[in-house]
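To start, the structure itself, in structure tokens.
FYI, it's all coordinate maths here, none of it is from the lab. Everything numeric in this text was worked out from a predicted model, so none of it was measured. With ideal geometry, Cβ positions are generated from the backbone for all residues, glycine too; neighbour counts draw on all protein chains shown.
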Amino acid sequence: MKTISQLIGCGSYLPQNVVTNDDLAKKVDTSDEWIIARTGIKQRHFASDDEYTSDLALKAAQRALEHAGVDGTEIDLIVVGTTTPDRTFPATAVRLQKHLGCRTGAAFDVQAVCSGFVYALAVVDSMIQSGQAKTALVVGAETISRLLNWKDRTTCVLFGDGAGAVVVKAVEVEEQTNGQAGIISTHIHSDGNLEELLYCDGGPSTTQTAGYLTMAGKEVFRHAVTNLAAVVNEALEANNLQDSDIDWLVPHQANKRIIDSTAKKLKMPMDKVILTVEDHANTSAASIPLALDHGVREGLIKRGDLLLMEAMGGGLTWGAALVRW
Ligand code: ACO
């Protein structure tokens, strides 16, 4: 017998405050045309001043638990992918644990910026397979708006806030096959030599402030296209799968042009790609579970579909996960 990880429910939450490109153009030297042409983004959601990452995470987690039919007290592992924790410590995951009324198991954050959800899923999958958890919550939650420098128009127009969550359950099988519902494989990478391309210029140990997000956009774009193509191929080859076996690409939503490029390399028509970047912008670790939840609730993603998730973010970090929904 083997223990595998099944995704049994998902949920998401977006703050109510919607900011369009035209709204941004009132305070930043930019335009709706420029933002749409370069990124595909039309609007984003921003958390209010008294709404924290754990608040967004809680709403997404509650919806995922309801969708899965699981009570919060059954959860024995919570992993939150976030770059914008409520506090320097404790982890946002333990605050979420408290809000959910859970007392057992472990809760911690994973910091891999925009790849945070894929990293968190990889960690949870390993812990479930090794018997360390039975029912886990994997969350991507961000208030990335708090790190935006409104004097830097090359970055401040690209991001939004939000949260997404999945419930992952341990299931015993005779042997794992690609046809079974569950996480088939995860693939994570990083290259710290590329830190200067995308980073936040603050931190408890350096400036004692949160700092501002800084990015060399063109170079990040170039690395994203190359690394994402490589990691999706790695995921397919590891499982003897072809491009045509994938039912849905559920990519990190940073930029429509990066997503187009990955879909083209996979020879996937765009109607097989879940796209939310237009309405959500780049929500960092939250973007994949937000896109997944959108796909499921819109009736696009159905039980039994093969999903390929992929992301790249600061670090640089990148990764992919193959999941049979
Ligand atoms: N509005 C209007 N004009 C702008 C803006 C703006 N918001 N920002 C830059 N410009 C101008 C620049 O000043 C420049 O003007 P110039 O030619 O007169 O000097 C011109 O537009 C082109 O600027 P570039 O920086 O060369 O624009 P580029 O085509 O590279 O697009 C972008 C910028 C959208 C940031 C692109 O590089 C990109 O998408 N990079 C990847 C970013 C990304 O996806 N990051 C996320 C991955 S990791 C993560 O999710 C954290």
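Amide H contacts for residue 40 (H built 1.01 Å from N in the peptide plane; partners 5 or more residues away or on another chain; cut-off under 5 Å): 256. Mind checking which of 254, 285, 106 has the largest fluctuation in a GNM of the chain, springs on alpha carbons under 10 Å? Largest GNM mean-square fluctuation: 106. Each Lys or Arg adds one and each Asp or Glu takes one away; over the other residues whose Cβ falls under 10 Å from the Cβ of residue 41, this sums to +1. Here's the picture: charge each Lys and Arg Cβ at +1 and each Asp and Glu Cβ at -1 in region 2-173, and of 16, 45, 4 the one pushed furthest to the positive end of that dipole is 4. When you filter the trypsin sites (Lys or Arg not before Pro) in region 166-253 for DSSP loop state and at most 12 other Cβ atoms inside 10 Å of their Cβ, nothing is left. Listed by chain and number, the lysines whose C-alpha is less than 18 Å from the C-alpha of residue 151, apart from same-chain residues fewer than 8 away, are 26, 27. Per residue, the average separation of C-alpha pairs within less than 8 Å and at least 6 apart gives the chain a relative contact order of 26 percent.
Counting only lysines at least 8 places from residue 2 when in the same chain, those with an alpha carbon closer than 30 Å to its own are 134, 169, 302. The string of couplings for region 18-29 from the Karplus curve (6.51, -1.76, 1.60, θ = phi - 60°) is 9, 10, 7, 4, 5, 4, 5, 5, 6, 10, 10, 6 Hz, one whole number per residue in order, with x for Gly and Pro. The simple Förster model, with R0 at 35 Å and r as the Cβ-Cβ distance, assigns residue 218 and residue 20 a FRET efficiency of 0.85.
Before anything else, pin down the relative contact order of region 182-324: Cα pairs under 8 Å, at least 6 apart, normalised by residue count, whole percent. Averaging sequence separation for qualifying contacts and normalising by length gives 37 percent for region 182-324.
Close amide-amide hydrogen proximity is noted between residue 185 and 322, each under 5 Å apart and 5 or more residues distant or on a separate chain (H modeled in the peptide plane; Pro and chain starts excluded).
Its Cα gyration tensor gives the chain an equivalent ellipsoid. The semi-axes, each the square root of 5 times an eigenvalue, are 29, 23, 18 Å from largest down.
Bridgeable aspartates and glutamates around residue 272 (alpha carbons under 14 Å apart, same-chain partners fewer than 8 residues away excluded): 243, 245, 247, 260, 298, 305.
Sort out for me the Cα centre separation of region 231-281 from region 46-122, rounded to whole Å. Here the two parts' Cα centres lie 26 Å apart.
Every Cα-Cα pair of region 219-282 was included, and the share exceeding 18 Å stands at 33 percent.
Per-residue Karplus couplings for region 318-325, computed as 6.51 cos²θ - 1.76 cosθ + 1.60 with θ equal to phi - 60°, are listed in order as 7, x, 8, 9, 9, 9, 8, 6 Hz, Gly and Pro entered as x.
Between residue 208 and residue 151, the modelled label-to-label distance comes to 2.2 nm, taking each label 7 Å out from Cα in the direction of the beta carbon. Rounded to the nearest 500, the helix-only mean residue ellipticity at 222 nm of the chain stands at -9500 deg cm²/dmol, with each DSSP H run of n ≥ 4 adding -39,500 (n - 2.57).
Sites listed here are GluC sites (Glu not before Pro) in region 202-300 whose DSSP assignment is loop and whose Cβ has at most 16 other Cβ atoms within 10 Å: 298.
Contact order, relative form, for region 32-163: 33 percent (alpha carbon pairs under 8 Å, 6 or more residues apart, mean separation divided by residue count).
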